[in-house]
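One structure is given here, and the rest of the page talks about it.
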Amino acid sequence: MIRGLKILLLALSLVCFIPPAKAADPVSVAVLAPAALRAAQAATPLVARIIKNTATGVFQIGKDAVQILYLPYGLGKMSIGYPFGGFRSGVVYTFKGCIAPCKLVVHTVLLPLKIIGLETNF
């Protein structure tokens, strides 16, 4: 209890005692503004590509997370749908549901590589 209180006080002291920002000299801002604009224009295509790659990777991770629900769906389809000919499709959904957590882990680990633009076959 005491240790947790000490850690909380340390965290609050680090947050509360951040030195305030100081104003920049207007002349240096005027000199550096054109360079900053050129740098921003050069980085725009890179940022757009990074956003696209991140969205694609996060979509894959979300798809894998939803595919985990195939496991109970497949088990239910195998047991309840057996008399109605649903056993084979239930087995397929069960296998997809068993593979989905592994795919989720792989895609999550490979997300940083996807963000920087390295393509993998997973």
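Whenever you get a sec, compute what percent of the accessible area on the chain sits on carbon and sulfur atoms (1.4 Å probe).
Working: 7440 of 9730 Å².
In the chain, the share of accessible area belonging to carbon and sulfur is 76 percent.
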note = Computed over the chain: longest principal axis from alpha-carbon atoms vs helix 26-67 long axis, angle to nearest 10 degrees, is 10
inquiry  = I'd like the trypsin sites (Lys or Arg not before Pro) in the range 55-102 restricted to DSSP loop residues with at most 11 other Cβ atoms within 10 Å, sorted by number.
reply    = none
request  = At a Cα cut-off below 24 Å, give the lysines reachable from K96, other chains included and same-chain residues fewer than 8 away excluded.
outcome  = K63, K77, K114
Solvent-accessible surface (1.4 angstrom probe) belonging to I51, in square angstrom, nearest 10 = 110
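Take the Cβ-Cβ distance between I50 and V109 as r, set R0 to 25 Å, and report the resulting FRET efficiency rounded to the nearest 0.05.
Once rounded, the FRET efficiency stands at 0.85.
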query = Applying 1/(1 + (r/R0)^6) with R0 = 25 Å to the Cβ-Cβ distance of V58 and C98, what FRET efficiency is obtained, to the nearest 0.05?
reply = 0.60
query = What's the angle, to the nearest 10 degrees (0 to 90), between helix 70-80's Cα axis and the longest principal axis of the chain?
reply = 20
ask   = log₁₀ I(q)/I(0) of the chain at q = 0.16, 0.20 Å⁻¹, via Debye over equal Cα point scatterers, no solvent, to two decimals?
value = -0.90, -0.99
query = Between the helical axis of 2-16 and the dominant principal axis of the chain, each derived from Cα atoms, what acute angle in degrees is found, rounded to the nearest 10?
reply = 50
key: Accessible surface, per residue, of the chain when the full set of protein chains is kept, probe 1.4 Å, Å²   = 80
ask   = Taking a label point 7 Å from the Cα of I68 along the Cα→Cβ vector, which residues of the range 79-97 have an amide N closer than 19 Å to it?
value = 93-97
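The values are calculated or read from the model by the stated rules, or taken from the named source; none is laboratory data. The shown structure was predicted, so the numbers you read here are calculated from the model rather than taken from an experiment. Please note: Cβ atoms are built from the backbone with ideal geometry, for glycine as well, and neighbour counts cover all protein chains shown. Side chains included, ligands, DNA and RNA excluded: accessible areas come from the protein's heavy atoms. Shrake-Rupley method; radii C 1.70, N 1.55, O 1.52, S 1.80 Å.
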